[in-house]
Amino acid sequence: MPQIPNEHPTLWIKSTKSESLKGKIIVLAVTGSIAAVRTVELAREFIRRGADVYAVMSEAAGWIINSMALHYATGNEVITKITGKVEHVEFFGNLGRADLLIIAPATANTIGKIATGIDDTPVTTFTTTAIGAGKPVMIVPAMHEDMYNHPAVMENIGKINDWGIRFIGPRVEEGIAKIAGNDEIIIEVERLIGKKTLCGKKILITSGSTAEPIDPIRILTNRASGKTGTELALEAYRRGAEVTIVHRNKLGFAGINEIYAETADQMTDVVLGELAKEYDMLISSAAIADYTIDAGEQKIKSGEGLELSFRPTRKLIKEARKTYPELKIIGFKAEAGVDADELLRRAKNTLESSGLDLIVANEVSKGGIGADDNNVTILYSGEKENLNIEGSKSLIANVLMDEITSLLAKDE
């Protein structure tokens, strides 16, 4: 990419992953936890998504990580003391230019100071100002587990939570309340200050493959990895939606509701039950088995002749459409060994016969299934022209969520 004269070299990575935080100014406040060593990469992940990042450090943070490291990471001078420039007001006064203050890591000491209004470090000065001005603040705790479990620390966290301030993590393991992972921090920041195009919407997503038991050990399944469904769930969540994903994988993001379903029948039952909770949309991206069998109660002995008698599974989309005729439904159509015209013809037929609002078609014999990239075509009900998307599944999810946003907006 072309470089801007006098631009700090670290900013050459700006927006290389996405533009989800483009135009946003994030102040990363660092306190004296050993987890401060994680902040260099965290700052750069914000930049890779388009943000401008500034760092402010307490004196104790400087015992863990040198300010030069954060200067390198952000491309901006690090604030280690409040000067005549009144940096806290510049960024978080009523006319301040920052969009978010994120305290990562936040020690028990700093959390206690925030809860009681003590203001004696650059970090707490920034926090006092941001909270007083009603600006967005997020806190990422990191400390030993015993410290985290202290009643006063729990009380302080509860008090700050009641002010509407979001805590991310910690991950409690090995006797330590560890700082949340960068992926979790990033997506929560994107949800708070990024696109909010799906706020107030409830979206149900099916993802991955199902597995039909043959006996207590063996299963019939397919090659679907669930990567597309995962990316769709993450993109809907970062845009503000309430998201539930039904699959047999594991995402592990606290904000996304996950329901385990193994077989086609289980997935259909779960989805129909969930839809009774007034969802705005069903995205059926799972590769649900078309056939199943009556599983044996004991393991089939190896080496014996084997005959399997298949029967069709229920059709989730058709049952969902019949039960919830007004629901917006997105379908997926995967084919193998067909040309482009035949793929689109079959997808169009499914779109119309199943009463879908749009369908995503792809030919998987040349790639896509199980991979990180894909080439898909979106077909719409009505006269809108087909849209082809080629690239990463995160890109596909981003574009598809733009289309979903437009689709849902028509009902408002």
Checklist outcome for this item: Per-residue ellipticity at 222 nm attributable to helices in the chain (runs of n ≥ 4 DSSP H, -39500 (n - 2.57) apiece, nearest 500 deg cm²/dmol) works out to -10000 deg cm²/dmol
Next on the checklist: Between the range 260-317 and the range 140-185, how far is it from one alpha carbon centroid to the other, in angstrom?
Outcome noted: 40
Item to check | Residue pairs, from the table Lys17/Lys202; Lys318/Lys348; Lys14/Lys85; Lys202/Lys250; Lys135/Lys196; Lys202/Lys366, whose Cα atoms sit over 24 Å apart | outcome: Lys17/Lys202; Lys14/Lys85; Lys202/Lys366
Item to check | Calculated FRET efficiency for the pair Ser309/His144, C-beta based, R₀ 45 Å, to 0.05 | outcome: 0.15
Item to check | Stretchable slack from Ala340 to Glu90, in nm (0.36 nm times residue separation minus alpha-carbon distance) | outcome: 84.4 nm
Item to check | Set of aspartates and glutamates near Lys315 by C-alpha distance (under 13 Å), chain-local residues within fewer than 8 positions excluded | outcome: Asp265, Asp269, Asp290
Checklist entry - Charges only on Cβ, +1 for Lys and Arg, -1 for Asp and Glu: so what's the dipole of the chain about the Cα centre, in debye to the nearest 20? => result 460
Checklist entry - Between Ser302 and Arg166, what FRET efficiency comes out of the Förster formula 1/(1 + (r/R0)^6) with R0 = 45 Å and r the beta carbon distance, rounded to 0.05? => result 0.25
Checklist entry - How many percent of DSSP beta bridges within the chain run antiparallel, rounded to 5? => result 30
Checklist entry - If packing is taken as the mean number of other Cβ atoms within 10 Å per residue, what is the order of 336-344, 108-116, highest first? => result 108-116, 336-344
Checklist entry - Given R₀ = 60 Å, FRET efficiency for Arg97-Tyr291 by Cβ-Cβ distance, to 0.05? => result 0.50
Item to check | Magnitude of the charge dipole, the range 164-228, Cβ model with Lys/Arg +1 and Asp/Glu -1, debye to 20 | outcome: 420
Checklist outcome for this item: With x for Gly and Pro, the residue-by-residue ³J(HN,Hα) of the range 149-165, computed from phi through the Karplus equation 6.51 cos²θ - 1.76 cosθ + 1.60 at θ = phi - 60° and given in whole Hz, is 7, 4, x, 5, 5, 4, 5, 5, 4, x, 5, 5, 4, 5, 7, x, 8
Next on the checklist: Could you work out the percent of alpha carbon pairs in the range 9-193 separated by over 24 Å, rounded to a whole number?
Outcome noted: 31
Checklist entry - Taking every pair of alpha-carbon atoms in the chain, what share in percent sits in each 20 Å bin, from 0 to the bin with the longest distance? => result 24, 46, 27, 4, 0
Checklist outcome for this item: Once the dipole of the range 1-134 is set up from charges on Cβ (+1 Lys and Arg, -1 Asp and Glu), the residue from the list Leu95, Thr74, Ser33 lying farthest towards its positive end is Thr74
Next on the checklist: From Cα pairs below 8 angstrom and at least 6 apart in sequence, can you work out the relative contact order of the range 133-250, rounded to a whole percent?
Outcome noted: 24
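A short reminder: the numbers here are calculations on the coordinates, not readings from a lab. This structure is a prediction, so every number in the text was calculated from the model and none was measured. Neighbour counts are summed over all protein chains in view; Cβ atoms, including those assigned to glycine, are modelled from backbone coordinates with ideal geometry.
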